[in-house]
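> One structure, pasted below without further comment.
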Amino acid sequence: MSEETKHKIKKDEICSFAVAVVGGGLSGLSLSILLSKAGYKTILFEKEKYPIHKVCGEYISLESWSFIERLGLNLSDLHLPMIKKLIVSSPAGNSIHAKLDLGGFGISRFFLDNRLKEIAVENDVTVFEETKVTEVKFDGNEFYIKSYRGEILSKMVVAAFGKRSNLDVKWDRDFIKQKPGKLNNYIGVKYHVAADLPTDTIALHNFKNGYCGISKVENNEYCLCYLTTAKNLKDNHNSIKAMEENVLFKNPFLKKIFTESKLLFDEPVTISQISFDKKKPVENQVMMLGDAAGMITPLCGNGMSIAFHSSKIAFENIDSFLKGKISAKEMETNYADEWQKQFGKRLRNGRIIQQFFGKESVTNLFISAIKPFPFIIDRLIKSTHGKEF
């Protein structure tokens, strides 16, 4: 029996879906809900088990509010902290204060991802937790997806697996091949803390080779999340505690927060090999969503809103394709063009800013220079927030 015949027999026995979503973060969950509500048989793969703590700033601008509610999550009932103010400090402790015209709200990924998963299941999405996808192949007509749970077939595959995946490596994506540099060798660390801090304010505190954000989420907790270079950790004998005491504490704001707050995690949540290098929104006939298509630097904000918005753009194009209104090529081109239109400028500005990441003197000088000019601060803030979608 030929290998081709064996493959055909095997395919007849495999469960088939309209769309397979690889990655169960905000963009993947949102897309799966939209697809299933529209009547498409959808499967979602998530390598972890919900609920999940993820390294994330856990601030969402109000541009996403109505979209999240349309998914089925009534945010108004949750009494979430509304964030209207911003504080930015330099490594030396000089600070600027500003109002957020659009503003945002705080909500933990632990709660949000899990509730969206529940909504997905309620809408008949097949959700495979603790399931890692190991292979995705396209035969010119449909996709073959292999995971620890077995094999499936799908008309379409969408990648929403976040910052870095085994599939990124397998597909030899361009950003994977970059040598460690100013845009691609970071670590992230997150805690939840109990603290006596303003409830309506998000703070971004700079330190040597990094910055730390802190804002309130639900249950009277604060998310404290920072990004820094792998070198910073290595220079402190790979000890997070030593790095915090030797580096972060030099910013008086951070020293006060760390020493006066109660850490609510036994151990911090961490992630390594974070890259802000440019990525393609479509790879191997697969649409990339959220961080898989391009990660925005935290100082430019709103990665969570970009994740939500990208799922909306993807759904609109997938829906047109599955209804036969456009070809697969048109779907991919339209999605890539819309991605660039909505997020290209944000990501590009982020990469420019990131080139100066870690230069203490530059950050200190910059904050001192713009402090007397609030209109500059307002323009910078507006460039990090989009419009309601």
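> How high is the relative contact order of the chain, given as a whole-number percent (alpha carbon pairs under 8 Å, six or more residues apart)? Could you put the intermediate results ahead of the total?
Values: 759 pairs, mean separation 86.6, N = 389.
Relative contact order here is 22 percent.
> Would you mind putting 36-43, 313-320 in packing order, based on average other-beta-carbon counts within 10 Å, highest first?
Values: 36-43: 19.2, 313-320: 20.8.
Top of the packing list down: 313-320, 36-43.
> So what is the 222 nm mean residue ellipticity for the chain from helices alone, if each DSSP H run of at least 4 adds -39500 (n - 2.57) and you divide by all residues, rounding to the nearest 500 deg cm²/dmol? Let's see the in-between values first.
Values: 13 runs with 140 residues, N = 389.
Using -39500 (n - 2.57) per qualifying helix, the result is -11000 deg cm²/dmol.
> Mind ordering 327-340, 16-29, 48-61, 89-102 by average Cβ neighbours within 10 Å, highest first?
Values: 327-340: 16.3, 16-29: 26.3, 48-61: 20.2, 89-102: 18.1.
The peptides rank, most packed first, as 16-29, 48-61, 89-102, 327-340.
> What list do you get for 147, 368 if you sort them by fewest beta carbons within 10 Å? Please report the intermediate quantities before stating the final value.
Numbers: 147 19, 368 13.
Fewest-to-most Cβ neighbours within 10 Å comes out as 368, 147.
> Here is a follow-up. Output ³J(HN,Hα) for the range 145-150: one whole-Hz value per residue in order, computed from phi by the Karplus curve 6.51 cos²θ - 1.76 cosθ + 1.60 with θ = phi - 60°, and x for Gly and Pro.
10, 10, 9, 5, 8, x
> Continuing with the same structure: Using a cut-off of 11 Å between beta-carbons, work out the net charge of the residues near residue 80 (Lys and Arg +1, Asp and Glu -1, residue 80 not included).
Numbers: positive: 216; negative: 58, 77, 218.
Around residue 80, the surrounding residues sum to -2.
> Of 175, 143, how do they rank once you tally other Cβ atoms within 10 Å and put the fewest first?
175, 143
> Nearest-5 percent of antiparallel DSSP beta bridges in the chain?
Numbers: 48 of 69 bridges.
Antiparallel bridges make up about 70 percent of those DSSP assigns within the chain.
> On to the next question. Residues with beta-carbon under 13 Å from that of residue 48, excluding residue 48: net charge, scoring Lys, Arg +1 and Asp, Glu -1? Don't skip to the answer; put the middle values down first.
Details: positive: 47, 49, 54, 109, 117, 132; negative: 46, 113, 129, 130.
Taking every other residue near residue 48 into account, the sum is +2.
> Per residue of the range 240-250, what does 6.51 cos²θ - 1.76 cosθ + 1.60 with θ = phi - 60° give for ³J(HN,Hα)? Whole Hz please, x for Gly and Pro, Karplus curve as stated.
Going residue by residue, I get 4, 4, 5, 4, 4, 6, 8, 10, 5, 5, 6 Hz, with x marking Gly and Pro.
All of the numbers you see were taken from the coordinates with simple rules; none came from a lab. If you're wondering where the values come from, they're calculated on a predicted model, not measured in any experiment. With ideal geometry, Cβ positions are generated from the backbone for all residues, glycine too; neighbour counts draw on all protein chains shown.
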